[in-house]
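The values are calculated or read from the model by the stated rules, or taken from the named source; none is laboratory data. Keep in mind the model is a prediction, meaning the values are calculated, not measured. Here the Cβ is made from the backbone with ideal geometry for all residues, glycine too, and neighbour counts use every protein chain on show.
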Amino acid sequence: MKSFKLEFPNAEGQMLSARLETPVDKSPRAYALFAHCFTCSKNFMAVTNISRALTSKGIAVLRFDFTGLGDSEGEFADTNFSSNVQDLIVAAEYLKAEYEAPKLLVGHSLGGAAVLIAASQLPYVAAVATVGAPADPPHVKRLFDGALDEIETSGKAKVPSVGDLSL
């Protein structure tokens, strides 16, 4: 496997940090785009392991940090589900322009929900895979139960993050 560090701008011009992994001795059969979980990063162990497994089967994988996470610019507090979907679309278009359009979108946890929405806006995507993605909105809402009053009152609240969320 060959691994390349990349950067590309999001819709607001902030740089998103990415890693492209490709097969060593052959051209990729296809390209995939991987979306990590809510507060994870492109270096989260599950993301890395799944990406490398795909690469070993001849599929190049671009994994990146959403705005405000990992090595990407921006403030996480200023992001939301819609901005994550936008980041995915920008990443797919970057991959299409610089290498080849992704035929596969893979998402872990809330990244899985995001790839389902993004795929509907990317006509070249042939397949979507999700790992541990929430089944429906009420399933996700229960994660915020302890903070719902504060969210409704002030518009924001501190909620559990990586390691604390069990979907």
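Of the residues examined, Ala46 is not one that is surrounded by fewer than 19 Cβ atoms within 10 Å (Cβ to Cβ), farther than 11 Å from Ser17 by Cβ, without any contact (Cβ under 8 Å) to a residue 40 or more places away in the chain and among the hydrophobic types (A, V, I, L, M, F, W, C).
Those strands (runs of 3 or more DSSP E) of segment 1-69 in which 2 or more residues are at pLDDT 85 or above and aromatic (Phe, Trp, Tyr) occupy 2-9, 30-35. When segment 68-97 is filtered for residues that are acidic (Asp, Glu) and in contact (Cβ under 8 Å) with a residue 12 or more places away in the chain, the ones remaining, listed by number, are Asp71, Glu73, Asp87. Is it the case, given these coordinates, that Phe34 is in contact with a His (Cβ under 9 Å, 6 or more places away or on another chain), crowded, with 22+ Cβ neighbours inside 10 Å and under 19 Å from Gly107 (Cβ atoms)? In short, yes.
Taking the condition of a type in the set (Val, Ile, Thr) and not in a helix (DSSP H, G or I), does Val115 pass? Considered against the rule, which asks whether it is of a type in the set (Val, Ile, Thr) and not in a helix (DSSP H, G or I), Val115 comes out as no.
So which pairs qualify, if the first residue must be in segment 103-124 and without any contact (Cβ under 8 Å) to a residue 24 or more places away in the chain, the second must be crowded, with 24+ Cβ neighbours inside 10 Å, the Cβ gap must be under 7 Å, and the two must be at least 6 apart or on different chains? Every condition considered, the pairs that remain are Ala119/Leu105.
Could you say whether any residue in segment 27-36 is out of contact with any strand residue (DSSP E or B) (no Cβ under 9 Å at 6 or more places or on another chain) and aliphatic (A, V, I, L, M)? Among the residues of segment 27-36, not one is out of contact with any strand residue (DSSP E or B) (no Cβ under 9 Å at 6 or more places or on another chain) and aliphatic (A, V, I, L, M), which makes the answer no.
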